[in-house]
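Below is one structure; the comments refer to it alone.
The values are calculated or read from the model by the stated rules, or taken from the named source; none is laboratory data. All figures in this text were calculated on a predicted structure; none of them were measured in a lab. Cβ atoms come from the backbone with ideal geometry, glycine included; neighbour counts cover every protein chain shown. Calculation scope for accessible area: heavy atoms of the full protein, side chains included, ligands and nucleic acids excluded. Shrake-Rupley method; radii C 1.70, N 1.55, O 1.52, S 1.80 Å.
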Amino acid sequence: MTVRTPSAGRLKRARDVQAPAPSRAGMRRLEGGVFTMGSDRYYPEERPARKVRVDPFWIDETPVTNRQFARFVAATGHKTVAEIAPDPADYPGMPPEMAKAGSLVFRQTPGPVPLRDVSQWWSFEFGADWRHPLGPGSNLRGLEDHPVVHVAYPDAEAYAAWAGKALPTEAEWEFAARGGLADREFAWGDELAPGGAMLANYWQGAFPYINTEEDGWLRTSPVRAYPPNGHGLHDMIGNVWEWTCDWYALPTVEPKAPGACCTPANPRGGTEAASVDPLTPDIPIGRKVLKGGSHLCAESYCQRYRPAARHPQTIDSSTTHIGFRCVARD
C-alpha cells in the first residue's frame, strides 16, 4: 500500500527550518536501562508488559511552552498545519466549505452525552491554532508558560530540528515518565491521588460535562504547576498528550532463541503504512503514538494518565490537548 500524506505545504518538514546551536538547558540526562514497558492491567493496546532497554538520553524537563514555540516561529516563520487550509484532494468526501484552516477544539457539554460519540465534545473550528487555542477571539494572554497546543506531528518535528533535538521514541518517553519507579501505575506510585493530593492535571468529575477542578485547572496548566517525577520531569502525566516519533503498532514480544538472555534494546514502532487507521482506508494518513494522557482524561472515561498508556493519532491532527517535548541523544 502506498501511503499518501497531506500536501507538502500543509505538512512542513523539519528540514525546511534552520537549527540554532544545540543546548541542553532545561533538560535532564537519563542513564537509560532496562524497564517494564506497557501494562497487562488496563487497555488492550498496552499489552503485553515486556522488558526493554533504552540507551542514555537527554529529555526536556517540561513540554514545550507557548513562549518557547513563539521564539521558534519568530526565528523561522513556520506556519503550523492548523494555519494552512487542507487540500480537499487529501480528504475524499470533505465538503468544500470545510477547506479552511482550523483545528479541533474541546467544548464541555451541558449534560450527559453518549461517550462513544466524540463529536459531542470535539468540533473543528476555523481559525483555531496555537495562537488562538479556543478559536478566533482567543489568545495566549496568561498562557505563555502553558504547553503549546494545536501542533500536528510535523510542527513538533520542525521545532525539534530547529532546537537541535528530536522527538522521543515511545520507549524513551515511557522510561522517562516512570521516574525510576518499577511497575507502578502512575509516575508517582499506585494511587492516583494519594491522600487526596492532585499530582497531575486531569479531569475530575463526570466527563464531558462536569469538571470539579479539584486540581485547580479546567484546561491546560503551567508546565511546572505540579511536582516533578523521580527524574525531575514535569507533566509526564496529564496536561497534554505528547507526540513520539514512533509509528503506531500493537506491541509485540520477539521470541527468544533457546538460551538467549538479551533484552530488546531501543525498540521502535511499526511502519507508516501499517499505522493507517483501518477504519479510514480512503484517507491513508499515518498515525504516531501519543503518550501521557491530558487534562481531558477522567476516571469515568479515559484512564490514560499513566506511563504505559498510549494512543494513535494521525500526523495531520492538531487539538486543544496535544503538545510535545524533545530529547537529545549523545
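A few remarks follow.
- If the condition is being farther than 13 Å from Gly238 by Cβ and outside any loop (DSSP other than H, G, I, E, B), then the stretch 195-212 contributes Gly195, Gly196.
- Inside the stretch 291-315, residues that are closer than 13 Å to Asn239 by Cβ and within 11 Å of the chain's Cα centre (by Cα) make up a count of 4.
- Qualifying residue in the stretch 114-126 (condition: out of contact with any Cys (no Cβ under 9 Å at 6 or more places or on another chain), farther than 21 Å from Gln313 by Cα and not acidic (Asp, Glu)): yes
- Within the stretch 91-103, being open to solvent by less than 60 Å² (accessible area, probe 1.4 Å) and either among the aromatic types (Phe, Trp, Tyr) or touching a residue at least 40 places away in the same chain (Cβ under 8 Å) (or both) holds for Tyr91, Ser103.
- Test result for Val34, surrounded by fewer than 19 Cβ atoms within 10 Å (Cβ to Cβ), part of a loop (DSSP other than H, G, I, E, B), of a type outside the set (Ser, Thr, Tyr) and more than 22 Å from the chain's Cα centre (by Cα): no
- Residue count for the stretch 153-194 satisfying the condition of being under 21 Å from Ala298 (Cα atoms) and part of a helix (DSSP H, G or I): 4.
- Within the stretch 188-206, residues that are surrounded by fewer than 15 Cβ atoms within 10 Å (Cβ to Cβ) have Cβ atoms under 6 Å from residues that are not in a helix (DSSP H, G or I) in these pairs: Asp190/Arg184; Gly205/Asn211; Gly205/Thr212, counting only partners at least 6 apart in sequence or on another chain.
- Asp246 passes every criterion in (1) assigned to a loop (DSSP other than H, G, I, E, B); (2) closer than 21 Å to Val52 by Cα; (3) open to solvent by less than 40 Å² (accessible area, probe 1.4 Å) apart from (1).
- Conditions (1) open to solvent by 40 Å² or more (accessible area, probe 1.4 Å); (2) of a type outside the set (Gly, Ala, Ser); (3) farther than 27 Å from Leu134 by Cα; (4) at pLDDT 95 or above: number failed by Asp16: (4)
- Residues of the stretch 259-291 that turn out to be more than 20 Å from Val52 (Cα to Cα), of a type in the set (S, T, N, Q), in contact (Cβ under 8 Å) with a residue 12 or more places away in the chain and open to solvent by 40 Å² or more (accessible area, probe 1.4 Å), as a count: 0
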